[in-house]
Each structure stands twice: as C-alpha cells, then as structure tokens.
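The values are calculated or read from the model by the stated rules, or taken from the named source; none is laboratory data. Owing to the predicted nature of the structure, the values given are computational and were not obtained by experimental measurement. When we count neighbours, we look across all protein chains shown, and the Cβ atoms used for this are built from the backbone with ideal geometry, even at glycine.
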Amino acid sequence: MVKLTQHRQAILDLINASNRHWDADEVARALSDAGQSVGIATVYRGLAALEAAGLLDSIQLADKKRYERADKAHHDHMICTECGHIEEFTHATIEALQLVAAQERGFELSGHQLTMFGRCKSCSQE
Ligand SMILES: [Zn+2]
Ligand SMILES: [Zn+2]
C-alpha cells in the first residue's frame with residue numbers, strides 16, 4: 001500500500017465514500033465543509049497522484065477531469081452537455097465489439113474508456 005500524505009488520504013476517503021464523479025473544485029469544497037482546508041493546487045496534484053497510483057479512475061471532459069473510485073466494476077459513461085448529468089452504463093455488444101476491433105488489428109487490449117456526450121433523457125424532453 002502506498003504511503004499517502006494526510007491530504008491525499010482525505011481526498012481518497014472522500015471519493016471512496018461516494019459513487020459520484022468529482023471535479024477538483026467539488027473535492028476542495030467538500031473538504032473545506034468538513035473542516036479541512038486544502039488548497040486547490042494541492043487538490044489537483046493529489047488527484048493526479050492518486051490516479052497515477054491506480055487508486056482513482058477519471059473521465060476526461062472538454063475542460064476538466066472528473067474522478068471516481070477505482071474499485072467499481074467496469075463501466076462506461078454518457079455525459080449530458082446541458083446539465084452535466086453522468087450516466088454509467090455497460091453494453092454487452094459494445095464491450096464485445098471493442099474486443100473484435102482490437103483482435104482484427106492484432107492489438108492486445110488491456111482496457112478501454114468510452115465516454116459519450118449528448119443530452120440526457122430529461123434535458124432532451126424539455
Ligand atoms: Zn441533462
Ligand atoms: Zn463512473
């Protein structure tokens with residue numbers, strides 16, 4: 001187990017205690033609400049270090065990253081560009097076709113990330 005600084009441990013505990021996808025500002029705000037003031041630069045560096053250590057996963061958005069627990073079962077994401085809603089999903093056919101695409105290219109697959117952008121059900125009904 002990696003030895004974590006107190007700040008990094010606090011960031012990891014916060015994210016591991018939820019199912020959300022956090023950005024750095026939200027992490028900084030939640031820590032400060034919990035009485036732990038951690039500078040935003042420290043939060044950014046901590047998130048990056050925790051991801052590099054395999055302790056967090058991330059999704060790359062146009063302007064920022066969002067982080068989530070690394071111990072959830074594999075899933076992909078649909079992100080609403082209007083309200084920011086993040087829908088987790090897995091689709092058996094998509095999973096299988098990615099394997100086929102890799103095999104056809106002699107590519108040894110070790111993982112994948114799939115992020116789909118658009119409007120969620122409630123935004124598209126408005
Ligand atoms: Zn939406
Ligand atoms: Zn997720």
Considering residues that are part of a loop (DSSP other than H, G, I, E, B) and away from ligand 1 (no atom under 16 Å from the Cβ), the number found within region 73-115 is 15
Looking across region 1-37 at residues that are more than 16 Å from ligand 2 (Cβ to nearest atom) and of a type in the set (Val, Ile, Thr), the single one that is surrounded by the most Cβ atoms within 10 Å (Cβ to Cβ) is Ile11
When every residue in region 70-112 that is of a type in the set (S, T, N, Q) and surrounded by 12 or more Cβ atoms within 10 Å (Cβ to Cβ) is compared, the one modelled with the highest pLDDT is Gln98
ask   = Residues in region 116-124: is at least one within 16 Å of ligand 1 (Cβ to nearest atom), farther than 22 Å from Leu14 by Cα and within 13 Å of the chain's Cα centre (by Cα)?
value = no
Filtering region 17-72 down to residues that are free of Cβ contacts under 8 Å to residues at least 12 places away in the same chain, aliphatic (A, V, I, L, M) and assigned to a helix (DSSP H, G or I) yields Ala41, Ala48, Ala52
Being within 24 Å of Lys3 (Cα to Cα) and within 16 Å of ligand 1 (Cβ to nearest atom) is the requirement here; does Arg66 meet it? yes
Filter region 69-126 for residues that are of a type in the set (Val, Ile, Thr) and more than 16 Å from ligand 2 (Cβ to nearest atom); the one that is nearest to Glu26 (Cα to Cα) is Thr81
